[in-house]
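The block underneath contains the structure these notes are about, expressed in structure tokens.
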Ligand SMILES: *Cc1c(COP(=O)(O)O)cnc(C)c1O
């Protein structure tokens, strides 16, 4: 076989990789486990483990309620400032709060109130279902005065920008899209979409869940209005770590938060009977933040900031190209198709491979009885094998081994022995 497609070559690429040392910052108990699912749940940073242990033992255990004044009350804003550096926002435009779904609800509600009189919302058919459910629910609650129109992807992989520009008119209140599509990995040109929207006076709300921490984002540079995103994927904040939201400075005063809880009040500890909204980004909070869950986030964000978004993106693109070249070399005539954009600049950091037996292939990849080790991808209906590349800990050797294993499974039809019934979480 061509020398480029050998284990030695993969190892040489790892030796040349300036981000390789970051892998040691993560808990990797079993080095033979190939984890390609960092786009769903990032690995555990060792410092996050320490930090969370201290938050439990010292802040909760010893300091008890005093920790509110010492750490907890301002934590959501402090960490928001860190995230702001990763997504090209001003430090006072981002705050940690709730889940992505709830944040999307809050900001979409605010946007529709602000755009009173306009009745259309645009999203696309590649969007994460929760985002669409939230908008559908919101429309119902606002008296069914709005309609949601979905931009249809011609191939399920990419968006048709010309079609989008045809859809945008002066009746559009809001365009809400995932910056990177969760299945195909299509990456929208944030600047272009924002310009299109603003030209007709509409607002844009971005979901950064699949781009934050792995694709450079410049919200201020693009003139973005609103954004939300989650912290447990490429940011490695831990399962269920709370999400963040961004509201551009100019909109903060005018945008209403539909959930007027005490944490969004000017001074929650006044306990007065009428809500007075907090100034700035804090007004988008609702209730008590999940302090312990937030505490893993600080060291996790430090890792991203230390590595730098440019280096992270460079490695992500290089590893994606490497993965695709292996697929082309070994698998192109074996029923595998690529379900992600061909152009690197239009792709996030995961690659979807399509195969009619995708579900059972994913089962075989993660079965320790098959091949030399366990490979964890994830499966997305109806026929996608998603392989997530998380440059802080994914190695070239892992990508090489994963594709070799995939090749063996497909060539020898090793998936045949698995049942077709789906697990509850895939
Ligand atoms: C992961 C993800 C979410 C998650 O939403 P939660 O409310 O935090 O569960 C939302 N939107 C997109 C695009 C995602 O990728």
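Listed by first and then second residue, the pairs with beta-carbon distance under 7 Å, at least 6 apart or on different chains, first residue in region 178-191 and more than 11 Å from residue 352 (Cα to Cα), second away from the ligand (no atom under 12 Å from the Cβ) and part of a helix (DSSP H, G or I), are 179/190; 187/346; 190/222; 191/222. As an exercise: evaluate residue 246 against (1) within 16 Å of the ligand (Cβ to nearest atom); (2) over 15 Å from the mean Cα position of the chain (by Cα) and give the number of the one condition it does not meet. Every listed condition holds for residue 246 apart from (2). Within region 116-137, being free of Cβ contacts under 8 Å to residues at least 60 places away in the same chain, within 15 Å of the ligand (Cβ to nearest atom) and surrounded by 20 or more Cβ atoms within 10 Å (Cβ to Cβ) holds for 123, 124, 134, 135. Counting only helices (runs of 4 or more DSSP H) that fall entirely inside region 6-115 and contain at least 2 residues that are exposed (fewer than 14 other Cβ atoms within 10 Å of the Cβ), at pLDDT 95 or above and away from the ligand (no atom under 16 Å from the Cβ), the qualifying elements are 7-16, 46-54.
Scanning region 116-132 for residues that are assigned to a helix (DSSP H, G or I) and touching a helix residue (DSSP H, G or I) at 6+ places or on another chain (Cβ under 8 Å) yields 130, 131. Select from region 170-191 the residues that are away from the ligand (no atom under 16 Å from the Cβ) and within 28 Å of residue 316 (Cβ to Cβ) and write down the one among them that is surrounded by the fewest Cβ atoms within 10 Å (Cβ to Cβ). My answer is 191.
Results for (1) modelled with pLDDT under 95; (2) more than 29 Å from residue 42 (Cα to Cα); (3) in contact with a strand residue (DSSP E or B) (Cβ under 9 Å, 6 or more places away or on another chain); (4) outside any helix (DSSP H, G or I), shown as yes or no for each residue.
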{"position": "214", "(1), (2), (3), (4)": "no, no, yes, yes"}
{"position": "221", "(1), (2), (3), (4)": "no, no, no, no"}
{"position": "233", "(1), (2), (3), (4)": "no, no, yes, yes"}
{"position": "239", "(1), (2), (3), (4)": "no, no, no, yes"}
{"position": "242", "(1), (2), (3), (4)": "no, no, yes, yes"}
{"position": "250", "(1), (2), (3), (4)": "no, yes, no, no"}
{"position": "283", "(1), (2), (3), (4)": "no, yes, yes, no"}
{"position": "300", "(1), (2), (3), (4)": "no, no, yes, no"}
{"position": "310", "(1), (2), (3), (4)": "no, no, no, no"}
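In the condition set (1) surrounded by 14 or more Cβ atoms within 10 Å (Cβ to Cβ); (2) over 18 Å from residue 211 (Cβ atoms); (3) under 25 Å from the mean Cα position of the chain (by Cα); (4) more than 16 Å from the ligand (Cβ to nearest atom), residue 167 is compliant with all but (3).
With the requirement that a residue be without any contact (Cβ under 8 Å) to a residue 40 or more places away in the chain and either within 16 Å of the ligand (Cβ to nearest atom) or in a helix (DSSP H, G or I) (or both), what does region 192-205 give you? Residues satisfying the conditions are 192, 193, 194, 195, 196, 197, 198, 199, 204. Considering only residues in region 385-426 that are at pLDDT below 95 and within 30 Å of residue 304 (Cα to Cα), the one that is surrounded by the most Cβ atoms within 10 Å (Cβ to Cβ) turns out to be 426.
Does region 148-159 contain at least one residue that is over 24 Å from residue 214 (Cα atoms), over 24 Å from the mean Cα position of the chain (by Cα) and away from the ligand (no atom under 16 Å from the Cβ)? Scanning region 148-159, I find no residue that is over 24 Å from residue 214 (Cα atoms), over 24 Å from the mean Cα position of the chain (by Cα) and away from the ligand (no atom under 16 Å from the Cβ), so the answer is no. Residues that are under 18 Å from residue 96 (Cβ atoms) and buried (at least 19 other Cβ atoms within 10 Å of the Cβ) within region 300-325 comprise 300, 301, 303, 304, listed in sequence order.
The values are calculated or read from the model by the stated rules, or taken from the named source; none is laboratory data. Quantities reported herein were computed from a predicted structural model and do not represent experimental measurements. Cβ coordinates were reconstructed from backbone atoms using ideal geometry, including for glycine residues, and neighbour counts include every protein chain displayed.
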